[in-house]
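Reviewing the structure listed below.
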Amino acid sequence: MHFDRLFVNARLATMAGRGPIVGLIDRGALGVREGRIAYVGSMADLPEDASAGEKTDCLGRLITPGLIDCHTHLVYAGDRAREFERRLEGASYEDIATEGGGIVSTVRATRAASDEALASESLRRLDALMAEGVTTVEIKSGYGLETGSEAKQLRVARSLATRRAVDIKTTFLGAHALPPEARNDRKAYVDALCQEMLPAIARQGLADAVDAFCESIAFSPAEVGRVFDCAKSLGLPVKLHADQLTNLHGAALAASYGALSADHLEHTDEDGVAAMAKAGTVAVMLPGAFYFLRDTNVPPIETCRRHGVPMAIATDCNPGSSPLTSPLLAMNMAATLFRMTVAECLIGFTRAAAQALGCLADRGTLEIGKRCDLAIWNVETPAALVYPMGHDPLERRIFGGRG
Ligand SMILES: [Zn+2]
């Protein structure tokens, strides 16, 4: 049996199976052929005739699937550090709005940026994610809020995969906020979303999915329903920013459309979780936003466990509410703030994250036939990944069998 590459003497966190298990294999081996996993198991069970073009002794290090950040707003221009500073000095939301801050400032900067400028600003954030073992990133639009600028954001997001060894999944989030010019006519903007923007994005093949922000300060369930009907008619899967600040029953709404995921969920009730379980919708926990906004409503972790709803975790990297580019810190926050277990934290950035992006058949666990995307860590146990804060023990990142 010949492999292009063989990793030996590793502790493999395969993440395979169902439920809260890591699937550890001690003294494990992982064989690669044509960028796919061709063997995963104990070294003792390796066929005697096993040979490899390249053999790596992992010296007992932990190997996990490459991490998957399934919810980011990574492509944007400008930053909101000054606004953060002003808020700490006591400025009110009104003061900041008057000074031209808030999401409108990100929309303005993103609209004005060239493709190249937008890409280079975004690459810095992408590099930070990759430095902690990320191999697949979901990136949303939502700072353009008109067809051309939304298309630019998604085009730039896709282009990042040609500049780095990473896979990008794009999501159209035109229903993120009302653009400043539509302040007085919500209906006209939702009409434009459904009749012009989304069809144009779909025609250009720029989006893998469609998202919306269902909230009293954003879009109503009825407006989200219109956007989702349109997405469905174009054959695009949906996901939803749901129940973050109030319970508008967004989780149940997402489930009724068979959504890939419902994200945030700080105010989701048991009916919402039950609906997600029935629909196979993944719960995406975003502890960075919870922390940054100093939220106190913990999402319904125990209810998700009881109903068997898979829980993903993501950075939610965005300039307004989660300027976070560390998946390891997100895991630590999910553990400390949400009391998620070590196994759940790891599953959150691997198996469940892959499911949230609809690509679990292809990645997210170490199983034969899947993409060989790996993170090799200078630790021996999963707990040692989740426990520290501000420490990056990544030894090596393997993308499609290379690296
Ligand atoms: Zn978000």
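The values are calculated or read from the model by the stated rules, or taken from the named source; none is laboratory data. Keep in mind that what you see is a predicted model, and the values were worked out from it rather than measured. Positions of Cβ are backbone-derived with ideal geometry, glycine not excepted, and every protein chain shown enters the neighbour counts. We work out accessible area using only protein heavy atoms, side chains counted, and drop any ligands, DNA or RNA first. Shrake-Rupley method; radii C 1.70, N 1.55, O 1.52, S 1.80 Å.
Which order, highest average first, do 345-356, 299-310 follow once you tally other Cβ atoms within 10 Å for each residue and take the mean per peptide? Each step should come with its number before you reach the end.
Values: 345-356: 28.4, 299-310: 19.2.
Packing proxy ranking, top to bottom: 345-356, 299-310.
If you stretched the chain out fully between residue 270 and residue 381, how much longer would it get, using 0.36 nm times the residue separation minus the C-alpha to C-alpha distance?
36.6 nm
Please give the direction-averaged projected area of the C-alpha convex hull for the range 23-82, in square nanometres with one decimal. Can you show the working numbers first?
On the way: hull surface 31.1 nm².
Hull-based average projected area comes out at 7.8 nm².
In deg cm²/dmol and to the nearest 500, what is the mean residue ellipticity at 222 nm of the chain if only DSSP H runs of at least 4 residues count, each as -39500 (n - 2.57), divided by the residue total?
-10000 deg cm²/dmol
Determine the sum of side-chain charges near residue 288: Lys and Arg each +1, Asp and Glu each -1, restricted to other residues whose C-beta is under 14 angstrom from that of residue 288. Before the final figure, lay out each step's value.
On the way: positive: 125, 294; negative: 69, 132, 263, 266, 295, 316.
Summing Lys and Arg as +1 and Asp and Glu as -1 gives -4.
Find the cysteines in the chain that fail to meet the 4.7 Å Cβ criterion with every other cysteine, and list them.
By the Cβ distance rule, which asks for a partner under 4.7 Å, the isolated cysteines are 58, 70, 214, 304, 317, 345, 359, 372.
Please give the direction-averaged projected area of the C-alpha convex hull for the chain, in square nanometres with one decimal.
The directionally averaged projection comes out at 18.8 nm².
Rolling a 1.4 angstrom probe over the protein heavy atoms, how many square angstrom per residue are accessible across the chain?
That works out to 39 Å² per residue.
Looking at the range 1-146 only, what percent of DSSP beta bridges run antiparallel? Nearest 5 please. Display every interim value, and only then the final one.
Working: 12 of 23 bridges.
Among the beta bridges of the range 1-146, antiparallel pairing accounts for roughly 50 percent.
Can you pull the percent of the chain's accessible area that's carbon plus sulfur, 1.4 Å probe, other chains left in place?
The C+S portion of the solvent-accessible surface of the chain is 52 percent.
Between residue 95 and residue 296, what is the label-to-label distance in nm when each label sits 7 Å out along the Cα-to-Cβ direction?
A separation of 2.3 nm, rounded to one decimal place.
Give me the percent of DSSP beta bridges within the chain that run antiparallel, rounded to the nearest 5.
Antiparallel bridges: around 40 percent, rounded to the nearest 5.
Sort largest first and round to whole Å: the equivalent ellipsoid semi-axes of the range 66-186, each the square root of five times a Cα gyration tensor eigenvalue.
Values: eigenvalues 140, 63, 29 Å².
Semi-axes (√(5λ), whole Å): 26, 18, 12.
Just to confirm a number: summing +1 for Lys and Arg and -1 for Asp and Glu over residues other than residue 316 whose beta-carbon lies under 14 angstrom from that of residue 316, what do you get?
Residues near residue 316 contribute -3 overall.
Can you pull the accessible area of residue 223 for me, 1.4 Å probe, Å² to the nearest 10?
Rounded to the nearest 10, that gives 30 Å².
By a straight-distance test (C-alpha under 26 Å), which lysines pair with residue 239 as possible cross-link partners, with residues fewer than eight away in the same chain excluded?
Filter leaves 140, 152, 169, 187, 278, 370.
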